[in-house]
Amino acid sequence: MQMIAPSLLSANFKCLQDDIDMINSSEADWLHLDVMDGVFVPNISFGFPVLEAVADICKKPLDVHLMIVEPDKFITQVRHLNAYMMNVHYEACTHLHRTISEIHKAGMRAGVTLNPHTPVSLLEDIIADLDLVLLMSVNPGFGGQSFIENTYNKVRELKEMILRHNSHALIEIDGGVCLDNAQKLYQAGVDVLVSGSFIFKAPDPKAMIRQMKQL
Ligand code: DX5
Ligand code: ZN
């Protein structure tokens with residue numbers, strides 16, 4: 001199953017409703033929401049008032065990517081969005097096992113995100129508890145950056161680890177995803193592709209979503 005999660009970060013914030021209508025009527029599987037705090041990453045995106053408005057009108061499952069320090073503080077607020085997936089960064093969680101348990105207790109699926117420099121092998125003792133691993137294929141904080149090629153090696157290593165542990169975790173990729181690398185990523189074992197600027201800058205974003213799913 002090849003899944004696509006368009007990233008709202010590249011939407012037109014002057015007319016958010018139009019872009020969410022487009023997502024709702026598209027073949028997109030999830031809507032990816034990037035929350036940045038200006039501390040964990042060198043940028044600030046949007047916070048809960050915007051997320052709540054989006055959650056009200058979005059019909060797709062919400063994939064919330066928290067690029068923030070101390071994500072544990074916001075588990076209840078993310079749950080109130082009725083989020084499907086809550087992604088926290090490995091680098092932001094001192095007690096990752098506790099954080100994952102709390103996300104599950106709140107009734108959400110739990111994802112762990114790795115920055116480009118963070119080795120996949122660090123997940124060896126938690127992979128069986130995860131619903132998803134999000135591999136950053138750019139340094140988080142901005143849309144429109146170039147894909148880091150070493151991501152393919154990380155996908156292969158992660159896929160092998162998932163099979164070895166009999167884990168049901170999905171593999172998701174975020175950053176610089178476009179038609180040129182999408183097929184190779186699916187072939188390497190990726191389940192979900194996040195794509196921001198490539199989809200929203202396409203002349204027909206809905207057609208692009210369909211094309212990326214059919215690869
Ligand atoms: C980057 C964000 C991404 C971003 C991807 O820090 O986590 O989700 O929206 O954007 P593109 O697809 O333009 O690289
Ligand atoms: Zn993201």
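The values are calculated or read from the model by the stated rules, or taken from the named source; none is laboratory data. Please read all numbers here as calculations on a predicted model, not as lab measurements. Quick reminder, even Gly has a Cβ in these numbers, built from the backbone with ideal geometry, and neighbours come from all protein chains shown. Keep in mind that these areas ignore ligands, DNA and RNA; they rest on the heavy atoms of the full protein, side chains included. Shrake-Rupley method; radii C 1.70, N 1.55, O 1.52, S 1.80 Å.
Taking every C-alpha pair closer than 8 Å and separated by at least 6 residues, the mean separation divided by the residue count of the chain gives a relative contact order of 21 percent. For the residue pairs K59/K206; K159/K184; K59/K213; K159/K206; K184/K213; K59/K159, the alpha carbons lie more than 21 Å apart in K159/K206; K59/K159.
Could you tell me which trypsin sites (Lys or Arg not before Pro) in the stretch 56-93 are loop residues by DSSP with no more than 13 other beta carbons within 10 angstrom of their beta carbon? Those that pass, being in a loop and sparsely packed, are K59.
Counting only DSSP beta bridges with both residues in the stretch 29-113, the antiparallel share comes to about 5 percent.
Model label sites at S146 and N43, defined 7 Å from Cα along the beta-carbon direction, differ in position by 1.7 nm.
Over all Cα atoms in the stretch 171-215, the spread is summed up by Rg and Dmax: 9.8, 29 Å. Once the Kirkwood radius over Cα pairs is known for the stretch 65-164, the Stokes-Einstein relation at 25 °C and 0.890 mPa s delivers a diffusion coefficient of 175 µm²/s. Taking 10 °C and 1.306 mPa s as the conditions, I'd like the Stokes-Einstein D for the stretch 140-215 in µm²/s, using the Kirkwood hydrodynamic radius from alpha carbon pairs. After rounding, the answer is 120 µm²/s. In the context of the full set of protein chains, residues of the chain present 45 Å² of accessible surface per residue (probe radius 1.4 Å, heavy atoms only). Estimated at 0.36 nm per residue, the fully extended path between Q17 and N153 surpasses their Cα-Cα distance by 45.2 nm. Of all beta bridges that DSSP places with both ends in the chain, some 5 percent have antiparallel geometry.
For the pair H117 and N166, label points projected 7 Å from Cα toward Cβ lie 3.8 nm apart. Dividing the helix sum by the residues of the chain, where each DSSP H run of 4 or more adds -39500 (n - 2.57), gives a mean residue ellipticity at 222 nm of -9500 deg cm²/dmol. Here the average projected area of the convex hull drawn through the C-alpha atoms of the stretch 3-213 stands at 10.4 nm². Rounded if a/c is under 1.5, else prolate if a/b is larger than b/c, else oblate: which is the stretch 36-75, with a ≥ b ≥ c the root eigenvalues of its Cα gyration tensor? Note, shape of the stretch 36-75 comes out prolate.
For the stretch 114-215, GluC sites (Glu not before Pro) are listed when DSSP marks them as loop and at most 15 other Cβ atoms sit within 10 Å of their Cβ; the list is E124, E149.
Computed in the context of the full set of protein chains, the accessible area of the chain at 1.4 Å probe radius has 49% of its extent on carbon or sulfur. The stretch 19-57 and the stretch 178-207 have Cα centres spaced 18 Å apart.
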